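Notes follow once the structure below has been shown.
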Amino acid sequence: MRKRLPDSGLYRTTKPYPGPEAVIPSNAIVYVGVGSTGVHFVVRPTERVRNRWVWTEPVVLLRSVTWPDTLRPLPQEGFYLLPDTLEVGGARWLRGSLVQLGFDETGRGLLWIGEDRDDEPRSTLVFGQDGMRIDDMLLERLVWVPVLAAKR
């Protein structure tokens, strides 16, 4: 019986990839994808732009059939609603607030609160640069919100 390879998406590694351990270490955020030839691959991010990771070369072909079992699936980066009110550094982020979800290099969740700044000429929410780390229990309870990605 052939093992099923993971779906494309974000994951946190719990063990290093056998062979190139320095490239794909334990406790790292990775993207697992399928190339145009149908071959599965895993890649680490290179930089963060607008609180989202950018994924580029080098990729590692996924040849191990057991290592994918050690991956922890993560939700997609994007916009969510808070399920509870949070106390954050003397401020309150209210239940139902719009937040942006991203991840640090270790695959731990980061949140940015949407701010309506009165110095902005357009009706625009602004998300800061310094995210607040959250635990996995909160990460699993965030409520995804579809937001149209408009190209300019």
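Just one of E57, E120, E77 is surrounded by 14 or more Cβ atoms within 10 Å (Cβ to Cβ) and of a type outside the set (G, A, S); which is it? Don't jump to the end; show me each part of the working.
On the way: E57 fails: surrounded by 14 or more Cβ atoms within 10 Å (Cβ to Cβ); E120 fails: surrounded by 14 or more Cβ atoms within 10 Å (Cβ to Cβ).
Just one listed residue meets the conditions, E77.
Which one of L138, L82, L111 is at pLDDT 95 or above, surrounded by fewer than 18 Cβ atoms within 10 Å (Cβ to Cβ) and farther than 30 Å from P20 by Cβ? If you could, list the steps in order and put the result at the bottom.
Values: L82 fails: surrounded by fewer than 18 Cβ atoms within 10 Å (Cβ to Cβ); L111 fails: surrounded by fewer than 18 Cβ atoms within 10 Å (Cβ to Cβ).
Residue meeting the stated conditions: L138.
Is it the case that the stretch 89-99 has a residue that's surrounded by fewer than 14 Cβ atoms within 10 Å (Cβ to Cβ) and within 13 Å of the chain's Cα centre (by Cα)?
No - not one qualifying residue is present in the stretch 89-99.
Looking only at the stretch 20-32, decide whether some residue is buried (at least 18 other Cβ atoms within 10 Å of the Cβ), outside any strand (DSSP E or B), not aromatic (F, W, Y) and not assigned by TED's automatic domain parsing to the domain that holds L125.
Yes, the conditions are met somewhere in the stretch 20-32.
So which residues in the stretch 41-84 are of a type in the set (G, A, S) and out of contact with any strand residue (DSSP E or B) (no Cβ under 9 Å at 6 or more places or on another chain)? Reasoning before the result, please.
So in the stretch 41-84, the residues of a type in the set (G, A, S) come out as 64, 78.
Within the stretch 41-84, S64 is the sole residue that qualifies.
If you take just the strands (runs of 3 or more DSSP E) that sit entirely in the stretch 40-152, which of them hold at least 1 residues that are in contact (Cβ under 8 Å) with a residue 40 or more places away in the chain?
Numbers: elements: 40-49, 52-61, 78-81, 86-88, 91-93, 98-103, 109-116, 125-127.
Of the strands (runs of 3 or more DSSP E) lying wholly inside the stretch 40-152, those with at least 1 residues that are in contact (Cβ under 8 Å) with a residue 40 or more places away in the chain span 40-49, 52-61, 78-81, 86-88, 98-103, 109-116, 125-127.
The values are calculated or read from the model by the stated rules, or taken from the named source; none is laboratory data. All figures in this text were calculated on a predicted structure; none of them were measured in a lab. Counting neighbours? That spans all protein chains shown, and the Cβs are built from the backbone with ideal geometry, glycine included.
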